[in-house]
Structure formats: structure tokens, C-alpha cells
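Throughout, read-outs are computed from the coordinates displayed, never taken from laboratory work. All of these numbers come straight from a predicted model, not from anything done at the bench. Positions of Cβ are backbone-derived with ideal geometry, glycine not excepted, and every protein chain shown enters the neighbour counts.
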Amino acid sequence: MSKRRMASLVSVLLAMFLVLSACSTTDTSKTSGSGEPKKANQTKGNAPSNKKSSSGDILNELGMEPIVKEPYTLTIGLPQNTNVEDYDTNHYTQLLEKKSGMDIKFEMLPAKDAKQKLAVMVSGGSALPDIISMALSDSEVYSYGSQGYFIPLNDYYENNSFYFKQIVEENGLDTMLNDVTSADGNIYTVPLYHPEYGNEWDHRAWINKTWLKALDLDMPETTEDFYQVLKAFKEKDPNGNNKADEIPYMGHINGWNSQPQDFFMNAFIYYNTSYNYILADNGKIDIAANKDEWKQGLQYLNKLYKEGLISPLTFTQDRPQFQQAIENPDAQIIGSITTGSMSIYQTDSKRKEDMTALPPLTGPNGVCWSTKRYQGPSSRGYVTKDAKNPEIAFRLLDLMCDKELSINSRFGEKDKDWKFATDADKGTGLYENMDIPATIKVINNHWGQPQNAEWAEDTQPAIRPYQYGIGGMTWDGNEYDSQYMTAQAVPSYIDKAPEEVVLKVPFTTEENDRTSEILTSLKTYIDESTQRFIVGDMPFSEWDNYVSELDNIGLEEYLKVVQKAYDRYRKNK
């Protein structure tokens, strides 16, 4: 017998011995009453090819670690992030392997074309990894699921979940799976859930408090107040340099809620950029962009523009150009901006210290909304049709929802990159003003940087309720930290959305096919027309033609499909 065949036989006999030993040993350890996982006595060795045994033969009981009783190899396909130094030696990967007992192999998908690569694999009949882990839209998940490429997980959630169930029960998230249930009633994903108040209410504006004080002006509360303040900024030399260099308001293109309509339109009509300008009233779907109130908002912004209170650069300059203006070294020249985060400024910027949040304004008809953005669960992990053992694959995705692993997947290695806050940190939480206690103390913030602590960009399932994400972070006392400034701004914006807001409507593949082209054309036309109305390229005498063109593009057909999908979604919630 050759040495290679002898070595192979020894490996097989050893694996059989481990299984027989596990079966003959009575394990009296059970999940503790606290819900903490119990540790099994098996250790993970070098994984041979997976054995064709039933899940019951391979898996430890729910809540026991490691998950498998014997070495097991599992493959994961996910987009490659260039900030991850080595997925095999990555700290998060090693934690997963230790707690699961599995040897994880990666099939990397190109970062920018991961969806296209997956589509090519499917259409070409390639064998899929056990798990795909990446962000996909509701319609994409439905398409792969309904065609059998992703398997339904409904029964697995019921019978094979420990970590997901545990954190959901602990945090009162019982309805979470409603938002990742596909149009056919199946759940094809284990989700990512990481709500943040700063992202949920993110259509923010900021105003120069130093200038308000210099000119003895109150914080504006209405659109008329704001108009008068901008006029004063323009005409009364608030920076005191005897130059007419003040810019009352400025924005920029392609930024995070950085255009004037992102904030000011909410004083006229609810501005639902989270879901295609859709309105809902008692279940009835409509759109904002053809209403008289929309026109009134555009007329207000056009007035500001015509009087030189909105910089023309707002509609042409990119982020670097905008940053140059707001960080002007010679003098403070900016009176007001719209942006989702003050991280647009340099970390140690002195110009940022003049700025404070502008609360939502009330319009001439008493409207005062704040845009709410979807912060529910989103699809991330999928068990494929080619999974050698779907239950084991699901159990690994379930493990990713463990509280500490969920935190690791965002903040990195415990006690090196972050640690749990202690009693000494009480009162230092970023969102103490929202009754979220200090929970996470960041030691080394590597987000967006090269590192080997986590997979980056939240490409995998995780459950991080408010207190285990940015909402639970401690604050170092810097009043001009951008995250702290956001946290201080949020209470003025929160809960100022209509009672019924459309944030999510899961489409079937057929519905998506019917609406995707219409929606693309609608949004392009609405966005282009909005800018043209504001700057005066499209006179308001063209309003009726604008409304007619929306109908010509297919608005009625689009709303009809959305209504049907929304009715189904509401019924299933």
C-alpha cells in the first residue's frame, strides 16, 4: 500500500473513531438557563472531505459550541473587500471557526461586480458555495429563491435557530423576519440588522450659530424665518471682514442628503427619498412629486436661488470642492449647509465649531416633516441549493447573529479594538439623550481602513440593536466630534414623519420587471426637473407639462404595481 493511501485510510479511521466516541459518550451538558451556549469537549482538527452522514450525527445540540461534533468544511461566497488583509487569518473568521468547529473556505466574488458574478455562476450552471453572503435586493432574493437557487429557511428558523432567536427575544424584535419575507411567503435569508438613529433620521441641515449670535438672530423655526436669516447672512457681514464673501447656503452633488430639497421640501410635503417619493394614506399609495405642495416647495427654493441665497455651485460641485469652500482658511464664509453628517468637515476643523443643527422648519401651510429612512433588517446570508448539508450551513449563519460576533463584525477584536463599557463609563454614551446607555467603548476605530479584524462593509448576517452599534458607543467629550453632533441633532428630527410611511415594498420578479424601467425613468426625470425648477431653467409655466410627462413615462402603471405589492406586504406583516 502506498504512503498516500495509508495516510488517507488513517484519516478515515480517525474520523470514524471520533464519531463513535461521541455517540458512546453520554453528554449531560445542556443550555444554561441564561441562554449562554455550553461548550462541547470536541476540538476541531484538519477537516477532511465532509462525510455523508445526517445532520443529527454531525451536529451538537442547539446552543452547544462547537456546532459540529467532527471536522467539517463549509464554503462561503462573498464580495472581496480590499481593506481585509487575509480572510483566512482574519480574526472574525477564526472566531467563527472556533465557535462552529468548521473549516471555512472562501470563494471570493469581485467587490464591484459581485452580483454580476453570482448571476453568471447561476446562469452557467456552476456549483454554488454552501453559503452566499452579500447584500441583495428583495426582488433579487425572491428571484433566486423562487427558482430554487436559495433554499427556504422558514423551518430552519423554527427548529434550528439558537443565536438569532436568543437576541431577538432579548430585544423584543419578534417581527423582524416580516421585513425579509419574500412575496411568496418564504424566508430565504438570515439578515443584517443594525439600526442607528443618526441614519434613520438623516435629512439634516446645519446653520452657523456664531453668525446668528453676531447678528442677534433667533434660530429660524419657519421657512419665512429661514429666508430672513439667509438675507441677513448675505447683507450684514456676519463674519466681520468687511467683504461681501458670505455664502448664505451651499450644498453639493452626490453627497449624503446634500441638496437643498433633501431638507427644505419637508416643510411643504413629505419628501420620501427612502422610497421613490411615495406617499401612503390609510393604505392608499400615491406620489409626492406631482402635487401642488411639491410645486410650492420648488417655488420657495427657486426664490432663494434667484435672490442669491443659494450658491449656484450647489448643483455642480463635488465633495472635494465643497470641502474646500467650507474649510476656507481666510474666513468663515458659510451660513448653512445640508448634509447627513458633519464628517464632511476635517476632524479637527475650526470652521465646524461655528455650526449647529437646524431643526426641521415649518412651512406656510403648517407642514413640518422629517424624512425617515428604512433601518429594518436587510438580506445578507443565503443557503444555496448546492449546500452539502443545509442545516449546518444555516447553523453557521445563525451563529453569526451571536451578540459578540455581531459586535465583532463591526468593531473588530474584543479588548483590542473595542470593549464593553463599564460602570465608570455611565453617562458617556453618544445617545444618552435617547436613553441608550453607554455599551461599547471603541479603542481602535479601523472602519474603512486596512485591517484583519473583521470582514468589512457588513457583508454577513449580524444582529446589532441600537445599544450594540454606534448608538451604544461612548463619547470622549469632544463636542465637535461628528458622531456626537449627529446624536445631539437627532432629537429635533425624530418621530416627525407621517404616521404611515412606506419604507419597503417587496416585489416579485414579475413586478420588478414591470416597474424597474419605469422607475428609473421617473426618478431621473423628477430629479432633473427638480433642479431645473430650482435654478430657473424650467419655468413654473411648464408645471402642467411636467406632470403630464410623469404620466407619459408610466406613473399610473408604477403606482398600480406598488399598490398591489404594498397591500400584500401589509397583509403579511
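Things to note:
- Working from label points 7 Å from Cα in the Cα-to-Cβ sense, the SER516 to ASN478 distance is 4.3 nm.
- Chain lengthening between THR422 and GLU293 when straightened (0.36 nm per residue, less Cα-Cα): 41.4 nm
- Net charge over other residues, Cβ less than 13 angstrom from the Cβ of GLY283 (K, R count +1; D, E count -1): +1
- Cα gyration tensor, the stretch 418-505 - rounded (a/c under 1.5), prolate or oblate: oblate
- Nonlocal amide H pairs with THR181, under 5 Å, H built at 1.01 Å: none
- Between the stretch 69-137 and the stretch 328-342, the Cα center-to-center distance that results, in Å: 42 Å
- Listed values for the stretch 103-113 are Karplus-derived 3J(HN,Hα) couplings in whole Hz (6.51 cos²θ - 1.76 cosθ + 1.60, θ = phi - 60°), namely 9, 8, 10, 9, 10, 6, 9, x, 4, 8, 10, and x replaces Gly and Pro.
- For a straight C-alpha distance cut-off of 12 angstrom, the aspartates and glutamates reachable from LYS291 (same-chain residues fewer than eight places away being disregarded) are ASP544.
- All Cα-Cα separations within the stretch 62-186 were binned at 10 Å from zero, giving a P(r) of 10, 34, 39, 17, 0, each value a whole percent of the pairs.
- Residues in the stretch 468-501 that a label on ARG570 would reach, taking backbone N under 16 Å of a point 7 Å out along Cα→Cβ: 498-501
- Theoretical ellipticity at 222 nm over the chain - DSSP helices of four or more residues, -39500 (n - 2.57) apiece, nearest 500: -11000 deg cm²/dmol
- By average C-beta atoms within 10 angstrom, highest first, the peptides 358-371, 515-528, 386-399: 386-399, 358-371, 515-528
- Taking label positions 7 Å along the Cα-Cβ direction at both ALA119 and LYS523, the computed distance is 1.5 nm, reported to one decimal.
- Phi-based couplings in Hz for the stretch 429-441 (Karplus 6.51, -1.76, 1.60; Gly and Pro marked x): x, 4, 10, 4, 5, 10, 6, 9, x, 5, 10, 10, 10
- Long-range amide H partners of ILE247 with built H, under 5 Å: ILE334, GLY335
- Taken as entire DSSP H runs, the helices of the chain that both span 27 Å or more between Cα atoms along their own long axis and average 1.0 or more on the Kyte-Doolittle scale are 3-24.
- With a Cα cut-off of under 19 Å and a minimum spacing of 8 residues unless on different chains, the lysine pairs in the stretch 398-519 number 9.
- FRET efficiency, 1/(1 + (r/R0)^6) with R0 22 Å, evaluated for ASP435 and GLU500 via beta carbons: 0.30
- FRET efficiency for ASP225 and GLN321, using Cβ-Cβ distance with R0 set to 35 Å, rounded to 0.05: 0.75
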